[in-house]
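Worksheet: the structure to be examined is printed underneath.
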Amino acid sequence: MSLSSSLALGARELSRLDPQDMLGCVRRMPEVASLAFERGTAWQPPVPSPRQILICGMGGSAISGDLARTLLQGRWSVPISVARQPQLPAWADDRTLCLFLSYSGNTAETLAAFGEATARGIPTAAIASGGQLADRCGQRAIPVLPVESGWQPRAALGHLYFTLLGMLAALGAPVEPAAAISRLAELAVEYAPDRADSDAINLARRLHALPAAPLIAGVSPSTEAVALRWKGQLNENAKTTALFGVFPELTHNEIVNLVASGEERAVVVLRDAEDPPLLVRQIGQTLGLLREERVSDPVEIVASASDPLARQMELVSLGDHVSVYLALLKGLDPTPVAPIVALKARMA
Ligand code: PA5
């Protein structure tokens with residue numbers, strides 16, 4: 001099946017391939033982001049000036065924490081950490097603000113960490129569409145910022161991430177979402193399914209053409225979380241194994257197995273226009289080596305908007321679209337994540 005020919009069949013064919021409209025969710029991100037940010041800025045933090053912020057969550061909810069952490073690391077003096085585990089670090093204390101992110105509000109690890117935070121008297125707030133997390137916050141008068149229900153957690157990034165950014169802005173973080181939201185709107189047009197020659201569709205075709213797992217490489221810290229988002233979206237939407245690596249660290253280990261495996265694979269490097277010259281040079285040398293060794297003809301994508309959040313969302317939008325188009329190329333419905341549902345049911 002060729003993606004362009006199937007998409008040329010129009011909306012009816014698209015709704016057969018993507019019956020729960022994952023593509024529509026990806027494309028609606030700019031619409032939901034603006035309201036989400038406003039909702040976030042309106043909250044009343046339980047501590048006005050936390051010494052540090054700990055964001056707890058899993059999977060499609062936790063990634064918002066990583067995006068915020070990497071966006072703000074060089075721009076805000078309040079350290080942000082992300083915990084994907086049921087226990088809290090020992091350093092979390094009453095000057096730490098714990099933010100719990102769970103789209104469903106029912107994720108076991110997040111609920112366990114929430115229980116520990118309340119038992120230890122750590123100032124806490126949550127973002128959820130409902131579930132036990134919202135109930136437990138309600139019982140303890142802990143602020144919970146509601147997000148619209150009915151989405152897949154990973155598809156609700158516009159709700160979760162921009163609510164979180166609004167909350168951080170209310171605490172003084174330098175975040176202004178307007179440029180990012182208008183860039184997302186432009187990209188929703190550029191990557192629309194009727195544009196059969198867009199970068200998103202062409203990249204999906206490229207990933208589809210090579211059987212070996214693609215490597216999605218970010219740069220620390222600028223695009224590290226974006227690369228992790230790409231990996232998660234390829235795993236869940238396209239049901240595809242993807243390797244995840246980060247420059248400069250990957251040049252100290254993964255480069256060895258990439259060359260030794262002898263397998264030709266797609267390598268996608270996600271870069272930010274403001275990455276330091278040392279890393280830009282190192283990436284160039286690494287990609288040259290991968291070409292010489294015939295591992296890959298790598299694709300380097302450099303986000304170049306003038307605003308850092310806009311650059312981050314440029315890359316997120318491309319990856320989200322690629323993951324859905326790759327699912328469609330494989331003839332797979334991007335929405336269901338049956339093994340995640342089955343495991344949660346077994347744990348319940
Ligand atoms: O994308 C998904 O569905 C998962 O990665 C979930 O986000 C993860 O299982 C955690 O669930 P929730 O986001 O509802 O806390």
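The values are calculated or read from the model by the stated rules, or taken from the named source; none is laboratory data. Note that the coordinates shown come from a computational prediction; the quantities given were computed from them, not determined experimentally. Cβ atoms come from the backbone with ideal geometry, glycine included; neighbour counts cover every protein chain shown. When the accessible area is computed, the model is the full protein with side chains, heavy atoms only, and any ligands, DNA or RNA have been set aside. Shrake-Rupley method; radii C 1.70, N 1.55, O 1.52, S 1.80 Å.
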Give the lysines whose C-alpha is closer than 16 Å to that of residue 330, dropping any in the same chain fewer than 8 places away, or say none.
239
Using 0.36 nm per residue, how much length does the chain from residue 49 to residue 140 gain when fully extended, once their Cα-Cα distance is taken away?
30.6 nm
Neighbour cut-off at most 15 other Cβ (10 Å), DSSP loop, chymotrypsin sites (Phe, Trp or Tyr not before Pro), the range 81-123
91
Tell me which GluC sites (Glu not before Pro) from the range 207-273 have a DSSP coil assignment and no more than 16 other beta carbons within 10 Å of their own.
263, 264
Roughly speaking, what is the stretch gain from residue 148 to residue 304, that is 0.36 nm per residue apart minus the C-alpha to C-alpha distance, in nm to one decimal?
53.0 nm
Relative contact order [Cα under 8 Å, 6+ residues apart], the range 24-175, whole percent:
34
If each K or R counts +1 and each D or E counts -1, the residues other than residue 285 whose Cβ falls under 13 Å of its Cβ total -1
Using C-alpha positions alone, give me the convex hull volume of the chain per residue in cubic angstrom.
135
The value for the range 161-299 (convex hull of the alpha-carbon atoms, volume per residue, Å³) is 134
Net charge within 10 Å of residue 271 by Cβ-Cβ distance, Lys/Arg positive one each and Asp/Glu negative one each, not counting residue 271 itself?
-3
Please work out the average accessible area per residue across the range 24-175, using the 1.4 Å probe convention, and give it in Å².
37
The range 272-296 and the range 87-159: distance between their alpha carbon centers, rounded to Å:
39
Which order do the peptides 302-310, 327-335, 278-286 come out in when sorted by mean C-beta neighbours inside 10 angstrom, highest first?
327-335, 302-310, 278-286
Could you give the alpha-carbon Rg of the range 196-247 over 2.2 N^0.38 Å, rounded to two decimals?
1.15
Taking a crude spin-label model, label points 7 Å out from Cα along the C-beta direction, the residue 285 to residue 108 distance in nm is 4.7
Residue 249 versus residue 78: modelled label distance in nm, points set 7 Å from Cα along the beta carbon direction
2.6
Quick one: check the C-alpha center-to-center distance for the range 32-71 versus the range 221-237, whole angstrom.
18
How much net charge surrounds residue 150 when only the other residues with a Cβ under 15 Å from the Cβ of residue 150 are counted, with Lys and Arg +1 and Asp and Glu -1?
-1
With N denoting the number of residues in the range 24-175, provide Rg(C-alpha) divided by 2.2 N^0.38 Å, to two decimal places.
0.93
For the range 133-147, list residues with backbone N below 20 Å from a point placed 7 Å from the Cα of residue 348 toward its Cβ?
133-137
